[in-house]
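Inspection log for the structure reproduced underneath, given as structure tokens.
The values are calculated or read from the model by the stated rules, or taken from the named source; none is laboratory data. Everything numeric here is computed off the predicted structure, so don't read it as measured data. With ideal geometry, Cβ positions are generated from the backbone for all residues, glycine too; neighbour counts draw on all protein chains shown. Note: accessible area is taken over every heavy atom of the protein model, side chains too, but ligands, DNA and RNA are not part of it. Shrake-Rupley method; radii C 1.70, N 1.55, O 1.52, S 1.80 Å.
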Amino acid sequence: MFSFKRRRRDRLRAIPLPQSWLKIIGRNVPFYRCLPEADQRELQGHVQVFLDEKHFEGCRGLQVTDEIRVTIAAQACLLLLHRDTDYYPTMKSILVYPSIYIAHVSESMGNGMVTEGDSVRLGESWHHGAVVLSWDDVLRGASDIHDGHNVVLHEFAHQLDQEGGEAHGSPILPRRSMYIAWARVLGTEYVHLQQDAAHGRRTVLDKYGATNPAEFFAVATECFFEKAVQLKRKHPELYEELKLYYQQDPAELPRC
Ligand SMILES: [Zn+2]
């Protein structure tokens with residue numbers, strides 16, 4: 001990384017967040033309270049960098065406020081803690097709709113875009129520089145930290161996935177030696193989820209993860225942070241791979 005970029009980020013990370021932003025995080029992102037103080041401080045630094053580098057755009061008349069920017073940034077940056085990160089380098093813009101919106105982009109456009117569901121979408125992660133979110137669902141996803149549903153964690157997991165090329169459930173791992181175990185464990189778990197979905201069995205992971213390997217990784221990420229204890233108990237190998245990737249162990253958070 002160019003040193004001027006690194007120096008700029010170091011400076012930004014050292015600036016304390018305004019009290020009003022901390023209040024927003026406290027109110028809208030309850031997961032923050034689960035984090036140890038050192039992680040909270042690290043997250044605050046990441047939020048400064050994220051908000052400096054990313055562009056937010058309100059859609060369908062939505063006015064982008066500090067509340068919107070900070071609430072999204074705090075969750076997106078949760079995925080960056082403890083890691084050597086370049087802050088979602090290919091993602092420049094976050095488009096925010098007031099609520100569930102009808103997408104005007106067809107699946108057939110392809111070019112690496114990951115789309116959710118059919119025409120009604122909560123969020124979307126684009127390969128070429130943008131994430132699209134519904135503000136209603138951002139708030140809903142953040143408010144319950146134990147339901148396994150968080151659209152910001154989901155969409156930004158897609159972004160991490162795409163750092164290694166097309167999204168296919170294979171982000172850039174911190175060590176070369178991790179790739180074989182990652183492919184084996186996530187591949188096996190993905191097939192099991194497909195089988196469970198086909199047989200209507202109860203699962204810890206949301207069955208949307210059976211759609212394709214990219215969705216499996218995004219759903220597993222939501223589950224890792226929001227249903228950590230259950231995931232660890234039912235899917236210990238998957239939990240371990242995600243723990244190594246994210247460098248976090250949310251099942252052990254004492255305040256969560
Ligand atoms: Zn998805």
- Message: For Val96, only one of the following conditions fails: (1) in contact with a Gly (Cβ under 6 Å, 6 or more places away or on another chain); (2) more than 23 Å from Ile145 (Cβ to Cβ). What is its number?
- Response: (2)
- Mind checking which residues of the range 67-99 are within 14 Å of the chain's Cα centre (by Cα), touching a residue at least 40 places away in the same chain (Cβ under 8 Å) and buried (at least 19 other Cβ atoms within 10 Å of the Cβ)? Thr71, Ile72, Ala74, Gln75, Ala76, Leu78, Leu79, Tyr88, Met91, Ile94
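Just to be sure before I move on: is Val64 open to solvent by 20 Å² or more (accessible area, probe 1.4 Å), without any contact (Cβ under 8 Å) to a residue 60 or more places away in the chain and either out of contact with any Leu (no Cβ under 8 Å at 6 or more places or on another chain) or under 22 Å from Ala130 (Cα atoms) (or both) in the structure I sent? Break it down stepwise before answering.
Details: open to solvent by 20 Å² or more (accessible area, probe 1.4 Å): yes; without any contact (Cβ under 8 Å) to a residue 60 or more places away in the chain: yes; either out of contact with any Leu (no Cβ under 8 Å at 6 or more places or on another chain) or under 22 Å from Ala130 (Cα atoms) (or both): yes.
So Val64 passes the test.
Any residue that is at pLDDT 95 or above, more than 26 Å from Cys223 (Cβ to Cβ) and open to solvent by 50 Å² or more (accessible area, probe 1.4 Å) - is there at least one of those in the range 40-47? Break it down into steps so the answer makes sense when it comes.
Let us first name the residues in the range 40-47 that are at pLDDT 95 or above, namely 40-47.
Next cut, more than 26 Å from Cys223 (Cβ to Cβ) only: 41, 45.
Remaining after also requiring open to solvent by 50 Å² or more (accessible area, probe 1.4 Å): 41.
Scanning the range 40-47 turns up at least one residue that is at pLDDT 95 or above, more than 26 Å from Cys223 (Cβ to Cβ) and open to solvent by 50 Å² or more (accessible area, probe 1.4 Å).
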- Residue check for Gln248: closer than 27 Å to Arg33 by Cα, among the polar types (S, T, N, Q) and modelled with pLDDT of 95 or more: yes
- Taking Leu80 as the residue in question, decide whether it is touching a His at 6+ places or on another chain (Cβ under 8 Å) and under 23 Å from Glu163 (Cα atoms). yes
- Item | helices (runs of 4 or more DSSP H) fully within the range 1-70 counting 3 or more residues that are within 27 Å of Ala228 (Cα to Cα) | 19-28, 31-34, 37-53
- Query: Name the helices (runs of 4 or more DSSP H) wholly within the range 138-256 that hold at least 2 residues that are more than 18 Å from Ala74 (Cα to Cα) and open to solvent by 30 Å² or more (accessible area, probe 1.4 Å)?
  - Reply: 179-198, 228-234, 236-246
- Item | Selection from the range 168-204 of residues that are within 16 Å of the ligand (Cβ to nearest atom), on the phi < 0 side of the Ramachandran plot and touching a residue at least 40 places away in the same chain (Cβ under 8 Å) | His168, Ser170, Pro171, Leu186
